[in-house]
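A short write-up of the structure that comes next.
Where a number appears in this text, it was derived from the coordinates with a stated rule and is not lab data. These numbers were taken from a predicted model, which means no experiment stands behind them. Neighbour counts are summed over all protein chains in view; Cβ atoms, including those assigned to glycine, are modelled from backbone coordinates with ideal geometry.
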Amino acid sequence: MTREAHAFWLRSPGEGEIRPVTLPDPGDGEVLVRSRYSGISRGTETLVFSGGVPVSQYAAMRAPFQEGDFPGPLKYGYLNVGVVEEGPGELLGRTVFCLYPHQSAYVVPASAVVAVPDGVPPARAVLAGTVETAVNALWDAAPLVGDRITVIGAGMVGCSVAALLVRFPGVRVQLVDADPGRADVAAALGVEFALPADAAQGRDLVVHASASSAGLQRSLDLLAPEGTVVDLSWYGDRTVNLSLGGAFHSGRLNIRSSQVGMVAPARRSSRTYADRLALALDLLQDPAFDTLITGSSRFDALPDVLPRLTAGTLPALCHLVTYGE
């Protein structure tokens, strides 16, 4: 039996297209998933779409089910929610999350999908990969009770980090972004908002997610002595300039990187990738995360949508892609 599907491909930097795909029959231990939604991770995917991944990072930036190579042609993406149409009985008919690109149906090992909890709407579940990044970041950052914490960059990742931090007892969280429109998002998440010039000083921890030199510099400027910046940004092929005079050495300030490609060292011996993703899906039972989904379009519109997201003419946090609805 021939199964047809369609996938979004980056033909070359700045140009995308929909291509037909012939799916194989699922074998033992595999599932056939029919996509319901996928999400566009705006920061990373627009960087990929514009050809901004440096050659030295081609291997590190590969998505789990990527086809093709940077800078293109390639099939990229990693926020997919669908329904299992064929596979093991315990998964048949279940809504699942998978780190799969934008494609109408696909066949993967059953171990590559995670069942979405009943309390998480399928559309919200596309955020699982982003919340997983936030979970890993907080394992790296290890915030303490009562900390004064700032998150700079109110994109998908920064907002997800803020949404989790606000649950910590006694922690004061401020979300900082250059776009005053993000104040409404901060309010929906239950955190304070400030423009960069008005951000609170003397912070124990700053989580940086703006992907800009100015944002990283401001993160350092806000720290209390011996405070730490955890940098989640992906800069691609852009140069980052910092001023490390002033209080950087006398204040014994710290900059640490955090990246979701490996489980954070603090939990690496006790948590698997599947454990981390399952935790992210469980945390998504909080309806506050719905505020991060700020636009939607049909799958067949992606060749037009990605250039607009990349250019900034279509603003979004997480842009939802719908299939057959």
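Tell me, what ³J(HN,Hα) does each residue in region 240-249 have, in order and in whole Hz, if you take phi through Karplus 6.51 cos²θ - 1.76 cosθ + 1.60 with θ = phi - 60° and put x for Gly and Pro?
Couplings: 10, 10, 10, 9, 9, x, x, 8, 4, 7 Hz.
So what are the three principal axis dimensions of region 18-152 from its Cα atoms, in whole Å, longest to shortest?
Over region 18-152, Cα extents along the principal axes are 52, 39, 23 Å.
Determine by what factor the alpha-carbon radius of gyration of region 132-257 differs from 2.2 N^0.38 Å, reporting the quotient.
Working it through for region 132-257, the quotient is 0.96.
Of V207, A247, V171, whose Cα points farthest to the positive end of the dipole of region 132-257 (charges on the beta-carbon: +1 Lys, Arg; -1 Asp, Glu; origin at the Cα centre)?
It is A247.
Taking region 187-266, which trypsin sites (Lys or Arg not before Pro) meet the DSSP loop condition and have no more than 16 other C-beta atoms within 10 Å?
In loop regions of region 187-266 (DSSP not H, G, I, E or B), the sparsely surrounded trypsin sites (Lys or Arg not before Pro) are R238, R252.
Run a plain Debye calculation on region 65-213 (Cα atoms as equal point scatterers, no solvent) and give log10 I(q)/I(0) at q = 0.11, 0.13, 0.15, 0.19 Å⁻¹, rounded to two decimals, same order as the q list.
Rounded to two decimals, the profile gives -0.55, -0.72, -0.87, -1.08.
Per the Kirkwood definition applied to all pairs of different Cα atoms, how many angstroms is the hydrodynamic radius of the chain?
Evaluated on the chain, it is 20.4 Å.
For region 264-310, what is the charge dipole size about the Cα centre, in debye to the nearest 20, if Lys and Arg each add +1 at the Cβ and Asp and Glu each add -1 at the Cβ?
So the dipole magnitude of region 264-310 works out to roughly 300 debye.
Quick one: putting +1 on the C-beta of Lys and Arg, -1 on the C-beta of Asp and Glu, what dipole do you get for region 132-257 around its Cα centre, in Debye to the nearest 20?
180 debye
Scan around V21 for amide H atoms under 5 Å from its own, H built in the peptide plane at 1.01 Å from N, and keep only partners 5 or more places away or cross-chain.
A5, H6, A7
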